[in-house]
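The structure appears below as structure tokens.
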Amino acid sequence: MLPKRSLLAALAAGTVLALSLTACSSDASSTEGGVDASTATSLSAFGDLAALEAAAIEEGGLNVIALPRDWANYGAVLDLFAEKYPDITITEASPDGSSAEEIQAADNLKGQDTAPDVFDLGLAVALASTDRFAPYQVATWSEIPDALKEESGLYVGDYGGYMAVGYDPAAVPAPESLEDLLGSDYTGKVAINGDPTQAGAAFAAVGLATAQRTDTADDFQAGIDFFSELNAAGNFLKIDPTAATIASGETPVVFDWDYLNVGYGTQLEGEREWEVVVFPGTGYAGYYNQAINADAPHPAAARLWQEFLYSDEAQNLWLAGGARPVRADAMNEAGTIDSELFDALPETPAETVVPTSAQSDAAAALLGEKWASAVQ
């Protein structure tokens, strides 16, 4: 059995995310007036962090997209960045958008000041969108496991967790297995977080069903079949869950990342009881990925945002949100992690699967072909 907090090791052993892409061979080029931030591939292009901060402050803005404030403690992350850099105005667009909608927004707004500077993406969308990204390696690059970063820095894992099921014990009995959810006690009560052809959390819900039924991530057809059966039983609820839908009783059972389900319970404390279960057997784990828009209107601020997200401060904020920071092992060794929060992370499943890039590509293609008809 994997010990608790061992998600990083499981991921590093179970997947290779790096693509065979050509890294940018040179660092930032100089232009009249200084560094061309849009071509900077590491902090050394600016000289030091203070110089990057000055360049970002001169730009004066940072456009983020699809960052719900109740997702993995993103509210605290955004607020701390704003506190550190009050002269950089953060514009938060479409907080409830999906990974696919982030890329669509970048395409639609290309060349405009309102285009997103940075992305936070599920793996499947990141893999399909690398031509939109600028390579960048943060100062703490060496402490990020190789299996969780594209080799040139086009996209980099940042925080992660296990797919879990949250439920209202006043509305349904505690599910002990995936198959329990097919029973009559769950009629019209089981939701997933979005559309798996667009949203990383929903994609992972199908991944979990696949892993539970086959012990691998080789063929998502098993997961599609499960949700088709769930739909045929009348149990699949086609409502995107939020804290509000849980509070109202609309979505009493929710597939979502463990840290998000735990977060729902924290938000609703005193209002509604919310329990979270990571099913025994084979679990499904994953990390969300950061990337810089190659056409970012604020390229220095985009790179400063990345440096901030991979700092000890921000990594501990993910941990405070119940997520597992990508630098956790290195920070634990260095004594810079919040040990109380780190030790409190829940036990992991007996076995863990994480899709490789090839498996993710195949799953995304299969979902695009078969998901809609399976749950119509």
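The values are calculated or read from the model by the stated rules, or taken from the named source; none is laboratory data. Because the structure is predicted, anything quoted here is derived from the model rather than measured. Using ideal geometry, Cβ is built from the backbone for each residue, glycine included, and neighbour counts are taken over all protein chains shown.
Within the range 252-311, the set of residues being in the same structural domain as Ala37 (by TED's automatic domain parsing) and assigned to a loop (DSSP other than H, G, I, E, B) comprises Ala294, Asp295, Ala296, Pro297, His298, Tyr310, Ser311. When Val190, Val206, Val156, Val165 are checked against the criterion of being surrounded by 19 or more Cβ atoms within 10 Å (Cβ to Cβ), among the β-branched types (Val, Ile, Thr) and over 16 Å from Phe279 (Cα atoms), Val156 stands alone in meeting it. Tallying residues that are surrounded by fewer than 21 Cβ atoms within 10 Å (Cβ to Cβ), farther than 18 Å from Gln212 by Cα and within 20 Å of the chain's Cα centre (by Cα) within the range 335-364 yields 8.
When Ala314, Ala323, Ala328 are checked against the criterion of being under 17 Å from Leu52 (Cβ atoms) and touching a residue at least 60 places away in the same chain (Cβ under 8 Å), Ala314 stands alone in meeting it.
Yes/no per residue for (1) free of Cβ contacts under 8 Å to residues at least 40 places away in the same chain; (2) within 23 Å of Ala330 (Cα to Cα); (3) among the hydrophobic types (A, V, I, L, M, F, W, C):
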| residue | (1), (2), (3) |
| --- | --- |
| Leu62 | no, no, yes |
| Asp107 | yes, no, no |
| Ala126 | no, no, yes |
| Tyr136 | no, yes, no |
| Ser142 | yes, yes, no |
| Glu151 | no, yes, no |
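Can you pull out the residues in the range 154-192 that are assigned to a loop (DSSP other than H, G, I, E, B), in the same structural domain as Ala217 (by TED's automatic domain parsing) and in contact with a strand residue (DSSP E or B) (Cβ under 9 Å, 6 or more places away or on another chain)? Let's see the steps before the verdict.
First, pick out the residues of the range 154-192 that are assigned to a loop (DSSP other than H, G, I, E, B): 154-155, 168-177, 183, 187-189.
In the following step, the residues that additionally are in the same structural domain as Ala217 (by TED's automatic domain parsing) were identified as 168-177, 183, 187-189.
Asp168, Pro169, Ala171, Val172, Pro173, Ala174, Pro175, Glu176, Gly188, Lys189 - these are the residues of the range 154-192 that are assigned to a loop (DSSP other than H, G, I, E, B), in the same structural domain as Ala217 (by TED's automatic domain parsing) and in contact with a strand residue (DSSP E or B) (Cβ under 9 Å, 6 or more places away or on another chain).
Screening the candidates Tyr167, Tyr186, Tyr155 for the property of being touching a Lys or Arg at 6+ places or on another chain (Cβ under 8 Å) and either under 25 Å from Phe227 (Cα atoms) or not polar (S, T, N, Q) (or both) yields one hit, Tyr155. Meeting the requirement of 1 or more residues that are surrounded by fewer than 16 Cβ atoms within 10 Å (Cβ to Cβ), the helices (runs of 4 or more DSSP H) wholly within the range 39-140 are 49-59, 74-84, 99-108.
Val262 falls short of the stated requirement of being at pLDDT 95 or above and not basic (Lys, Arg).
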